[in-house]
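Note sheet for the following structure.
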Amino acid sequence: MKDHAAFRALAVAVPELLLPRQDIDLSRWAVIACDQYTQDRGYWESAAKRAGDSPSMLGMILPEVYLEDGGEDRKERLRSIRETMRKNLDTGVFAPPVRGLVYLERTTAYGRVRKGLVAAVDLEAYDWKPDSQALIRATEATIVDRIPPRMEIRRGAPLESPHIMLLANDSEGLLVEAAGERVRSQPPLYRTKLEPDAGSVTGWLISEDEDLKAAAAALEALAVRGTSPRGDRFLFAVGDGNHSLATAKAVWEEFKEERREDFASGRLDPENHSARFALVEIVNLYDRGLTFEPIHRVLFGASAGDVAAFIRERLGGDLLDAASPEQLEERVLSRESTRFGFVSPEGLSVLDSPDAALAVSRLQPALDDYLALHPGVTIDYIHGSEEVFRLGAKPGTLAILLPPVEKDSFFSTIASGGPLPRKSFSMGEASEKRYYLECRKLFG
């Protein structure tokens, strides 16, 4: 992966991308990020029906709803993923590769347009640890136990496709938006509707020298602005897919150790090996089409009354009944104070908390304490208020609706205090997440 020095100095590389042949239906090829709809197997069963016998990314990913499946089921899924990747490479599913960045515009089902830039990033410049001063940093705490199962998928995989989204602190639109201005008058590289009812996406290839030089100059300007008094640079924050990026890093570190003699002898190139990099989409934090949504909590096997009382004791405030889902959501969404909504078969209630600090930074430690005291209770993290009310109606379940997330001072907060608690926020609603579409060769 040999690139201009200006890119490599900033941990960015121009990838060689693989896209399906023009006769393949991209609306059936593209599939939403694997970490969505983790409690909805029906969604993924419907996705398989939509894909049918057409080539699809669905055959090359493992939706996290199946991640906890053990034994032969998981072995078979992993075997099938590898087989599908090799088959697609060997049977001409892909068009000839193209080298470049991709500027894209994603129109969501909510009418928002989010702009992005597909690139590869150097995993040597990424660190998820809380005290990191790396060029690329995590925004949320990384759950180490979640990395090994994901390593099984990436380890030795012939292909990768990105759902990782990196945030750039770019109030002037120097990088992504400026790249779009340079290329969007040209014919697009791809354009497709996204199923089911998730909007559409259009991508333009950025491959001309002048356009790449302009992108490199913008990256340098952002890096200069992201330089602290200590001298460390903070260029990108991981918005989505932190565990996927942490997995890519872990696989690269493992591969380096296993093949250190090959790297030392020159049989493998440590500077340009494909496993050293990961495909990502770079998004401007200030993009008007980018919304920050809270990630809600759902507890299984819990007494709703006990949990609500426990959290009230820890956080303080008043616990009030809500007359309807609409009233509960309206109260939680209000920016007048910090409120949490509790949804269960036992009823609806709202905790009005007196502390104005970032809501999830206080709630998650309280939930962790409750879970430690009640080992039979499990937790999941869900997107969208509809899922809160759907899951909260099930017996033995408590769903917690969190208030909106503010993105002002986002970078400075992470730079000074490290990552936020795990699953603190989501960039957009579930259906607005990145869809797998572009691929890159990973291991031979």
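We did not get these values from a lab; they are worked out from the coordinates using the rules stated. Remember, it's a predicted structure, so these values are computed and weren't measured experimentally.
Could you tell me what fraction of 2.2 N^0.38 Å the Cα radius of gyration of region 122-198 comes to, as a two-decimal ratio?
This ratio for region 122-198 stands at 1.50.
Mean sequence separation of contacting Cα pairs (under 8 Å, at least six apart), scaled by the length of region 158-236, corresponds to a relative contact order of 30 percent. Couplings 3J(HN,Hα) for region 370-384, derived from phi with the Karplus relation 6.51 cos²θ - 1.76 cosθ + 1.60 (θ = phi - 60°), are 5, 5, 5, 7, 10, x, x, 8, 10, 10, 9, 10, 10, 10, x Hz, where x marks Gly and Pro. In plain terms, the chain from Val113 to Lys75 could stretch by 9.8 nm, reckoned as 0.36 nm per residue minus the Cα-Cα distance.
Close amide H partners of Ile206, meaning residues 5 or more places away or on another chain with modelled amide H under 5 Å apart, are Leu101, Val102, Tyr103. Amide H contacts for Val12 (H built 1.01 Å from N in the peptide plane; partners 5 or more residues away or on another chain; cut-off under 5 Å): Asp122. Here the extension length gained between Thr202 and Lys49 equals 52.7 nm, from 0.36 nm per residue of separation less the Cα-Cα distance.
Once Rh is set to the Kirkwood radius over Cα pairs, what Stokes-Einstein translational diffusion coefficient, in µm²/s, holds for region 228-308 at a temperature of 4 °C and a viscosity of 1.567 mPa s? It diffuses with D of about 75 µm²/s by this estimate. What Kirkwood Rh does region 296-401 have if only Cα atoms enter the pairwise 1/r average? Answer in Å. The Cα-based Kirkwood calculation yields 13.5 Å.
Here the translational diffusion coefficient of the chain follows from Stokes-Einstein with Rh set to the Kirkwood radius across Cα pairs; for 37 °C and 0.692 mPa s it amounts to 143 µm²/s. Equivalent-ellipsoid semi-axes for region 43-146 (Cα gyration tensor, √(5λ), whole Å, largest first): 28, 23, 18.
At q = 0.18, 0.26 Å⁻¹, work out log10 I(q)/I(0) for region 170-258 with the Debye formula, treating every Cα as an identical point scatterer and leaving solvent out; two decimals please. Debye curve over Cα of region 170-258, log10 I(q)/I(0) at q = 0.18, 0.26 Å⁻¹: -1.09, -1.14. Take every Cα pair under 8 Å whose residues are at least 6 apart in sequence, average their separation, divide by the length of the chain, and the relative contact order is 23 percent. Working from Cα positions, state the angle (0 to 90°, nearest 10) between the long axis of helix 41-51 and the longest principal axis of the chain. Its long axis makes an angle of about 30 degrees.
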